[in-house]
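Only one structure is covered here, and it is reproduced in the block below.
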Amino acid sequence: MPDLFAASATPADLMAARVQMAVSLGWHIIVACFGVGMPVLTVFAEWRGYRTGDDAYVRLAHRWAKVMGVLFAVGAVSGTVLSFEMGLLWPELMATYGQVFGLPFALEGFAFFIEAIFVGIYLYAWDRLSPRAHVLSGLPVCVAGVASAFFVVSANAWMNTPRGFDLVGGRVTHVRPWAAMFNPAMPLQVIHMILAAFMVTGFCIAGVYAVGMLRGRRDRHHRLGFLIPFIAAAIVTPVQVVVGDALARHLATAQPPKLAAIEGLTRTGSHVPLSVGGVFVDGELRYAIHIPNALSLLVGYRPSTVIQGLDMVAPADRPPVNPVHLSFQLMVAIGFGLLVLSAWFALAWWRRRDLPRSPWFLRLSALSGVGAVLALEAGWVTTEVGRQPWVVWQHMRTADAVNPAPGLWAGLLAVLAVYAVLTVATAYVLNRLRTRPVTAPQEEWADEALDAGTGTAREHGP
């Protein structure tokens, strides 16, 4: 069966499928990050408001809850598109290995429905539940969001370190779904993704309020709106650097060609330097800064550690070096930039219990969300492109998994149109929410009751 698919598929089919999957996944992963991080920040703000009696926290939570609802809705749409694409674009993958790594997708479905139920309760029960019960109704949303990330990323980790099955005569037998889900790459990849979700959410939300503060809005609403998400992101950033280092070290044994592509390393050897920057040209990494022995030290803690290069695999089995290397470099550069920004904030807060006084701090904070998103996308390019040409590492090539049916380019154009409309609609709705006045829940109920009683519709200005 794989040979038949490989013979039928053309390079154009494969390219269309890969681009479509990249666009869909690249769009969805941003929204999915907010599905992980935003419920936690929202519930925390509401809890602090009721715990301290400070209405500013509750107003903030009420506004964030509306944004959370919008992003949950569009995330459901983009996630549904992805679920269909797995079967339509990669039928041989699902036909051969779906029984092996399908369990986390099934469990993610349960997490999604739990999240959907409690998102509805949380959004529409502000006036129907006690403050304590309402805060508690948000906790399942937080847990389900993190659980969804866990299940989906564990399936992706399986593609990098496939386990939980035997191959007998080219057929998958003795399937062990739990062993597949808890594969060797799963712990680090899951932690790395969840931390990235909190970084994206925290820095993006803080960036919005940083722009407002740069425009002179230094009221308590903007201050809290900046501090809560920024502190959350700043806390996880150094942890993310440590986890990222461990994940890169894991590649040395689990996927040596990916690590070689990340570093542009062509020859196997010891005393390998760490390459910063550079471009892979004519089989060599050029224009890079090389730190002597550093890669060997990072991987094995001694200069004599041997690192496998691209020469250990056949040319047809090597990932494309430049996309992997440059994406990894971008991710690391932004990650350390966000680490420095977090340390700047921590130092100022430790000294004066206040934000840094330089306007450059707010300017950089306003850009931190964009940087976090770019780092996220670069990390996924490193992960997915670095595994090529395999869709299941050393078991199935991507070219063997693609749908050979004609017309995949038409599907790609349709998906691009859908995501263009979805992007514009999401931006429009979020902008409408941004221009509405900040209200506490009880004030909004009073406005709605007044509107209903007088039969008028109010227009809310900025």
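The values are calculated or read from the model by the stated rules, or taken from the named source; none is laboratory data. Note that this is a predicted model, so its numbers are computed, not measured. Every residue, glycine among them, receives a Cβ derived from its backbone with ideal geometry; neighbour counts consider all protein chains shown. Side chains included, ligands, DNA and RNA excluded: accessible areas come from the protein's heavy atoms. Shrake-Rupley method; radii C 1.70, N 1.55, O 1.52, S 1.80 Å.
General observations
- Residue that is nearest to LYS258 (Cα to Cα) [pool: residues in the stretch 151-186 that are touching a Ser or Thr at 6+ places or on another chain (Cβ under 9 Å) and open to solvent by 30 Å² or more (accessible area, probe 1.4 Å)]: PRO184
- Qualifying position, being out of contact with any Pro (no Cβ under 8 Å at 6 or more places or on another chain), open to solvent by 50 Å² or more (accessible area, probe 1.4 Å) and either closer than 21 Å to TRP27 by Cβ or of a type in the set (Lys, Arg) (or both), among ARG397, ARG352: ARG352
- Selected residue (only one of ARG128, ARG132 is among the basic types (Lys, Arg), part of a helix (DSSP H, G or I) and either in the same structural domain as ALA425 (by TED's automatic domain parsing) or in contact with a Leu (Cβ under 6 Å, 6 or more places away or on another chain) (or both)): ARG132
- Taking the stretch 61-102 as the range and being under 23 Å from MET38 (Cα atoms) and aliphatic (A, V, I, L, M) as the test, the residues that pass are ALA61, ALA65, VAL67, MET68, VAL70, LEU71, ALA73, VAL74, ALA76, VAL77, VAL81, LEU82.
- First in the stretch 261-279 and assigned by TED's automatic domain parsing to the domain that holds ALA316, second anywhere and among the aromatic types (Phe, Trp, Tyr) and crowded, with 18+ Cβ neighbours inside 10 Å, Cβ under 8 Å, 6 or more apart: ILE262/PHE328; GLY264/PHE280
- Among strands (runs of 3 or more DSSP E) entirely within the stretch 214-299, having at least 2 residues that are over 28 Å from SER342 (Cβ atoms) and of a type outside the set (A, V, I, L, M) singles out 284-286.
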